[in-house]
Every structure is written in C-alpha cells, then in structure tokens.
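Coordinate-derived values only; no laboratory data. Here the structure is a predicted model, which means the values were calculated and not measured. Using ideal geometry, Cβ is built from the backbone for each residue, glycine included, and neighbour counts are taken over all protein chains shown.
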Amino acid sequence: MTDKVNKFMDGIIARNPGEKEFHQAVLEVAEVIIPFIEENPVYKDAKILERLTEPERTIMFKVPWQDDNGEYHINRGYRIEFNSAIGPYKGGLRFHPSVNLSILKFLGFEQILKNSLTTLPMGGGKGGSDFNPKGKSDNEIMRFCQSFMTELYRHIGPNTDVPAGDIGVGGREIGFLFGQYKRLKNEFTGVLTGKGREWGGSLMRPEATGFGNVYFSQEMLATKGETFKGKTVAVSGFGNVAWGAVTKANQLGAKVVTISGPDGYIYDKDGISGEKIDYMLELRATNNDIVKPYADEFGVEFFPGKKPWEQKVDIALPCATQNELVEEDAKQLVANGVICVGEGANMPCTPEAIETFQKAKVLFSPGKASNAGGVAVSGLEMSQNSLRYNWTSEEVDKKLHEIMKNIHEACKKYGTEADGYVNYVKGANIAGFVKVADAMLAQGLV
Ligand code: NDP
Ligand code: 2IT
C-alpha cells in the first residue's frame, strides 16, 4: 500500500512543485483513501482521487491599494475554486503575509471534505491575499478590501462561490467586502457569510468554530466517560476560533490556562474567564499581533517565543495556524498526561505529532472534523439568506450542536479500529470522501 501512496504522491509533487503544505494535506488523505478505494474499485476506476486533487479553477489577481500616506502597494489575491460536486464553492478568505498558492490549495482541499462532513450542500474553496493587516488603519483595511473585491466579484455569487472569513478576515472585513460587492452588482444576496447580524448574518457565526470544536471534543471525551468539567485546557491563538473555544470550555466548567500569539504565550493559573475572555476580543481588534498585553493587564506570566504545549494540561485545543504543534510538543503533552486534542485551526499538528498522539491512544480529531462548526453555521447563514429569515441564537446553536454530534458519529463509523480506538483522521477522511465521490460519479466526467 505504501508503494501506491508514494506513486500517487510522486504525481502530486511533480504537478504541484514546491507546494509543501498542499502535499502534506493530500498525503494525509491519500494514506487513508488509497486503501479504501482498493476495496471500492468503482472510485479507483473513475480516478476520483486524481480528479479530487486538481482544483476546478484557480484565480490569481492583482490587488493595488493606497495607504494613508498616499504610498502605493501591490498585493496578490487568490481564489481556489476546488470542487463543486455537492454545492457552490464555499470557504474562507485569509489575509496574512504568509499566504501563497500552496497554503490556499491545502486549505481549499481540506475544505471539500470538511464541508461534506457538515451534511450541508457546500463545495470546497478558499482564497485570500498576502496582505498584512498588522498595524493597518480601518481606512487602509477598507481600501484594500474594496480593491480585492473589485476583481473577485466577477468570480463569485450566492449560487457559484460564497467566501467567508479566516485568519485576518473577520466581521469588519466581511462588511467592507460585502459593501463593495453590492455596489458592483447592485444585488443584495448572501454572497458572503459571516455578515453582521443586522444585514443578513447568522447569529452564532462568530462563536461557531470554537463552540463546534468544544462540542466535538465533548463527544470524544464522552467515549471515555469523561467531560470538560474540572479539566485544565491549553488553547493556542487568540483570534476568533480561540475566543469561541475558551468561551465554551468555560461554560462547560473547564479551566483554560493559556492563549498564545506569534510573540509567545500567557499562562493564567486562575483560568481565562469572565472579563478576561472579553479582553481577548480587544487584543485581536488592536491588529498588533501580540498576546503579551494580556499578561500586563492581568498580572500573569508571559513566556516569550514559547508555545503553550509545554504546560501540563488534560485537553489541548490548537486554534492558531498550520503546523504550530510539532512532534516534540506532542511528546511533551503525552508525557504530561493529555487525554484529548481537538484541532480548532486547520492542520495545526504536523504528521509526526498526529502519529505521536495516535500511538499513545490519545483522543485526537483533525480540523476538518472538529472545526467544521464554522462553515456549518456559514451554511446555515446561506439557508437563512435564501429563506429571507433569521433563526434565534438558540435555534442555530442547537443545529450546530447536532451537526457536530453527527460528524463525530460519522468519524466513529468509518474510523473505529479493531481494538476499539477511534482513528478520527481515518473516519473523517473516508466519511467526507464518500459523499463527494458519489456525487462526482453521478455527474459524469467532472
Ligand atoms: P484570527 O485571525 O482571528 O486569529 C488567528 C490566530 O492565529 C491569531 O492569534 C494569529 O496571530 C495566529 N496566527 C496566524 N498566523 C500565524 C502564524 N503564521 N504564526 C503564528 N501565529 C499565527 O483567525 P481565526 O481564529 O479565524 O483562525 C484560526 C485558525 O482556525 C486558522 O487555522 C483558520 O484556518 C482556522 N479556522 C477558522 C475558521 C473561522 O470560522 N474563522 C473556521 C475553521 C477553521 P497573528 O494574526 O498575530 O499572526
Ligand atoms: O476554514 C474554515 O472552515 C473557515 N475559515 C470557515 C469557512 C466558511 O465558509 O465559513
């Protein structure tokens, strides 16, 4: 089997040279799906995996804009329309200086299977720019978003491609992007999700990814008769996903002791709760990319240049970015007795880290399963926009909770191994794949 995977990956690497994050995301899927299609030759004969790993369309464009001092800047914009077998392309936009084709292709590819797992009718896509929001004024952000949408608008639409937020793109940016789309098209449609609640946004969308991650981890813990109550939790990042995860973990009676930024992490032995959670929002809104001010504000310890995984915790929720938790970190967490790791970010754990958790039989969920709550509520926002109606927070939260439970069940169905251990990576990939593959088969050579 390893030979078959290697041969397949040789083809991927040759056709997509230098795209290491994309290779990493495809390898994780290929290791699971190639043995599966050997047993289900209908997918093999139709070359579904080969077709699935080639984006339907890749758009790259120039984004010129002017800063507050009148200086000109040129950034690059992208939208990867990866797969539309089960619905319009759907996925976030990332604004971060590290953005390149490889990162967006890895995210777009993951999004296909994630969206399939939600059970909602959404294809996979991702986009963004190498624009750095750090230190930019509101006006600069607005001008950038307007320029970005001035090109993107011709490629998207409520039945074609529906972007949303991701790193560096939150409610404010979605507002500027939506405003420009509306001016260009003279249409008020659900072309973006993550909109403000007054103008078509779904309640609970800001909370959805972090809440969903905790709901999923709650299901994993329940398989061992455990709960969040009284557990110590390490969270990384301090953005949208981290904020939602900290909030829900608190509600379930856990104590969250860390959050982190590119500058290091803070350790709050009393737990990040109450007004300290609200402070996370302030920190994010400053656009300064640092978590240290939390330590100054609340008089707790700050560990510059370090990651939270060196602390002894029961549960780890990586919510910052890809490859932020490496093998050494995983070994440290395991040595300290971690029982559950729920990925809130996309691909935050390296393959070696995942293997370390799985070997130690730690409950481990891949982002495409446990962070699917964000895009799931985006899907519910699309439904509400089509209905021209709004559900209450309670209604949306209930649906989100149900969806996360269903994803957990699907992972268990396809991922339970002979000894009873649930391999959630295997389960998520197969469960997500089958629906998309069947749709592709039904639609002919697409
Ligand atoms: P935010 O921009 O709100 O926060 C991102 C956090 O990660 C910040 O703390 C950010 O700090 C940090 N970060 C980003 N890039 C890097 C980097 N290269 N090195 C170190 N730290 C970094 O984004 P989100 O919370 O929305 O996204 C976090 C993760 O969750 C991402 O992997 C995203 O793809 C994933 N995700 C998001 C969803 C959503 O609905 N928003 C849904 C599903 C997954 P800084 O900006 O200072 O670098
Ligand atoms: O990675 C993700 O799932 C997101 N950033 C959310 C995508 C969406 O369309 O809500």
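Here are some notes:
- Loop-resident sites, segment 313-346, for GluC sites (Glu not before Pro), counting at most 12 other Cβ within 10 Å (DSSP): none
- Pairwise label distance in nanometres, Met1 with Lys398, each label 7 Å out on the Cα-Cβ vector: 4.2 nm
- Kirkwood Rh (inverse of mean 1/r, distinct Cα pairs), segment 113-195, angstrom: 13.5 Å
- Dimensions in Å of segment 79-160 - Rg and Dmax from alpha carbons: 13.7, 40
- Highest mobility in the GNM of the chain, judged by mean-square fluctuation with C-alpha springs under 10 Å and restricted to Lys182, Lys331, Lys105, is found for Lys182.
- Our compactness index for segment 3-61, the C-alpha radius of gyration over the empirical 2.2 N^0.38 Å, is 1.17.
- Ellipticity estimate at 222 nm from DSSP helix runs (n ≥ 4, -39,500 (n - 2.57)) divided over the chain, nearest 500: -15500 deg cm²/dmol
- Viscosity 1.567 mPa s, 4 °C: Kirkwood-radius Stokes-Einstein D of the chain over Cα pairs, µm²/s: 59 µm²/s
- This model, with +1 at the C-beta of Lys and Arg and -1 at the C-beta of Asp and Glu, gives the chain a dipole about its Cα centre of some 840 debye.
- Note on segment 368-396 and segment 111-147: Cα centroid distance 17 Å, given to the nearest whole angstrom.
- Ascending count of other beta-carbon atoms within 10 Å, so fewest first, for Leu317, Leu177, Leu184, Leu27: Leu184, Leu27, Leu177, Leu317
- Peptide packing for 57-66, 344-353 was compared via the average number of neighbouring C-beta atoms within 10 Å per residue; ordered from the highest value, the list is 344-353, 57-66.
- Virtual spin-label span in nm between Gln251 and Trp199, 7 Å along Cα→Cβ: 2.7 nm
- Restriction of the chymotrypsin sites (Phe, Trp or Tyr not before Pro) in segment 145-203 to DSSP coil positions whose beta-carbon has at most 13 other beta-carbons within 10 angstrom yields Phe188.
- For segment 378-446, the calculated P(r), taken from all Cα-Cα distances in 5 Å bins from zero up to the bin holding the longest distance, is 3, 15, 15, 14, 15, 17, 13, 6, 2, 0 percent.
- Converting phi to 3J(HN,Hα) with the Karplus coefficients 6.51, -1.76 and 1.60 and the offset θ = phi - 60°, segment 332-346 yields 5, 4, 5, 4, 8, x, 4, 10, 8, 10, x, 6, x, 7, 8 Hz in sequence order, with x at every glycine or proline.
- Inter-probe distance in nm under a simple model that places probes 7 Å from Cα toward Cβ, at Phe188 and Ser383: 2.3 nm
- Remark: segment 167-180, residue by residue, has Karplus-estimated 3J(HN,Hα) of 3, x, 10, x, x, 4, 5, 4, x, 5, 5, 5, x, 5 Hz, where x stands for each Gly or Pro and the curve is 6.51 cos²θ - 1.76 cosθ + 1.60 at θ = phi - 60°.
- Net charge over other residues, Cβ less than 15 angstrom from the Cβ of Ile259 (K, R count +1; D, E count -1): -4
- DSSP bridge pairs, the chain: antiparallel proportion in percent, nearest 5: 55 percent
- Distance histogram for segment 287-446 (every C-alpha pair counted, 10 angstrom bins, percent rounded to whole numbers): 9, 29, 31, 22, 8, 1, 0
- Here is the P(r) of segment 181-292: all C-alpha pair distances, binned every 5 Å from 0, give 2, 11, 19, 19, 16, 12, 9, 6, 3, 2, 1 in whole percents.
- Checked against a 20 Å cut-off, the cross-linked pairs Lys229/Lys412; Lys20/Lys126; Lys44/Lys126; Lys114/Lys405 give Cα-Cα distances beyond that limit for Lys229/Lys412; Lys44/Lys126.
- Note that segment 156-237, at 20 °C in a medium of 1.002 mPa s, gets a Stokes-Einstein diffusion coefficient of 142 µm²/s from its Kirkwood radius over C-alpha pairs.
- Between Val235, Val300, Val362, the Gaussian network model of the chain with springs among Cα atoms under 10 angstrom shows the greatest mean-square fluctuation at Val300.
- Loop-located GluC sites (Glu not before Pro) in segment 104-198 (DSSP state other than H, G, I, E, B) with a sparse environment of at most 16 neighbouring Cβ atoms within 10 Å: Glu187.
- Alpha carbon centroid spacing (whole Å) that separates segment 5-59 from segment 170-201: 35 Å
- Taking amide H as placed 1.01 Å from N in the peptide plane, the amide H of Gly87 sits under 5 Å from that of Gly123, each at least 5 places away or on another chain.
- Most fluctuating residue given options Tyr421, Tyr267, Tyr72, as computed from a GNM of the chain linking Cα atoms under 10 Å: Tyr72
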